[in-house]
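A.B. asks: Take this structure, written in structure tokens, and hold onto it; I'll ask about it next.
The values are calculated or read from the model by the stated rules, or taken from the named source; none is laboratory data. These numbers come from a predicted model, not from an experiment. Virtual Cβ from ideal backbone geometry, glycine too; neighbours counted across all protein chains shown.
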Amino acid sequence: MMERYEIRLSGSGGQGLILAGKILAEAAAIYEGRNAVQTQSYGPEARGGASKAEVVISDGEIDYPKALELDLLLSLTQESCRKYSGDLKKGGILIIDSGLVKDLPKGEFKVYSLPITEIATEKVGKAVVTNIVALGILTRIAGVISEESVKKAILARVPKGTEELNMKAFDEGFRAGNELLS
């Protein structure tokens, strides 16, 4: 039984992190029958300002919806990495976009560095799916939600006509995460 697993997806507005958070929460709740809660916040400027989405997953009751001690932090910008890495618990996981996060924080957590935006741009062909590439990486590295559940949630959430593009993005991210772990 999983007591409580806390995830924060962070970066800047316009990177699709709120959607990614909703997809993760739905994968856990709808497709795996667990308890999940998703919260979000972003700066007053819609694009470019700070943005974060939090997902708390548990097999038991979730008595508080906010993430306090992160099991996993995804940082797509240097600012978000600096701002939130202190919230990672000892032994937690930090996933960073190596193309955008150069200054790594010190701490007792495991760091996974991948060129997330570059994977979206070069292997999938569109930077707009960076969030879905990141979901693939996170799904593989965290191992908390199944690949199948996340794929179902992606297909249920993405705009009609973009399903194939988003599946390719997820698969590229999952593959990159797999390569990093092997």
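A.B. asks: Somewhere in region 45-54, is a residue modelled with pLDDT under 95 and closer than 15 Å to Ala134 by Cβ?
C.D. replies: Yes, region 45-54 contains at least one residue that is modelled with pLDDT under 95 and closer than 15 Å to Ala134 by Cβ.
A.B. asks: If I go through region 91-124 residue by residue, how many of them are assigned to a helix (DSSP H, G or I), in contact with a strand residue (DSSP E or B) (Cβ under 9 Å, 6 or more places away or on another chain) and of a type in the set (Asp, Glu)?
C.D. replies: The number of residues fulfilling the criteria is 1.
A.B. asks: Going through Lys123, Lys151 one at a time, which residue ends up being touching a helix residue (DSSP H, G or I) at 6+ places or on another chain (Cβ under 8 Å) and within 15 Å of Leu24 (Cα to Cα)? Break it down into steps so the answer makes sense when it comes.
C.D. replies: Working: Lys123 fails: within 15 Å of Leu24 (Cα to Cα).
Just one listed residue meets the conditions, Lys151.
A.B. asks: Mind listing whichever residues of region 6-23 are more than 12 Å from Leu73 (Cα to Cα), over 8 Å from the mean Cα position of the chain (by Cα) and either at pLDDT 95 or above or of a type in the set (Val, Ile, Thr) (or both)?
C.D. replies: Matches in region 6-23: Ile18, Leu19, Lys22, Ile23.
A.B. asks: A follow-up question, please. Quick one: is Asp71 within 13 Å of the chain's Cα centre (by Cα) and of a type in the set (Asp, Glu)?
C.D. replies: For Asp71, the condition - within 13 Å of the chain's Cα centre (by Cα) and of a type in the set (Asp, Glu) - is met.
A.B. asks: Among Tyr84, Tyr112, which is the only one that is hydroxyl-bearing (Ser, Thr, Tyr) and either modelled with pLDDT under 95 or closer than 22 Å to Ser41 by Cα (or both)?
C.D. replies: One residue alone meets the criteria, Tyr84.
A.B. asks: Separate question: Working only within region 154-182, note down all residues that are among the small types (Gly, Ala, Ser), part of a helix (DSSP H, G or I) and over 22 Å from Asp97 (Cβ atoms).
C.D. replies: Ala156, the sole residue that qualifies.
A.B. asks: Only one of Ala28, Ala50, Ala36, Ala67 is touching a Phe, Trp or Tyr at 6+ places or on another chain (Cβ under 7 Å), more than 23 Å from Glu179 (Cβ to Cβ) and crowded, with 17+ Cβ neighbours inside 10 Å. Can you tell me which?
C.D. replies: Going through Ala28, Ala50, Ala36, Ala67 in turn, just one is touching a Phe, Trp or Tyr at 6+ places or on another chain (Cβ under 7 Å), more than 23 Å from Glu179 (Cβ to Cβ) and crowded, with 17+ Cβ neighbours inside 10 Å: Ala50.
A.B. asks: Still on this structure: Among the listed residues Ser41, Ser75, Ser98, Ser58, which satisfies the condition of being polar (S, T, N, Q) and at pLDDT below 95?
C.D. replies: None of the other options fit; the residue is Ser41.
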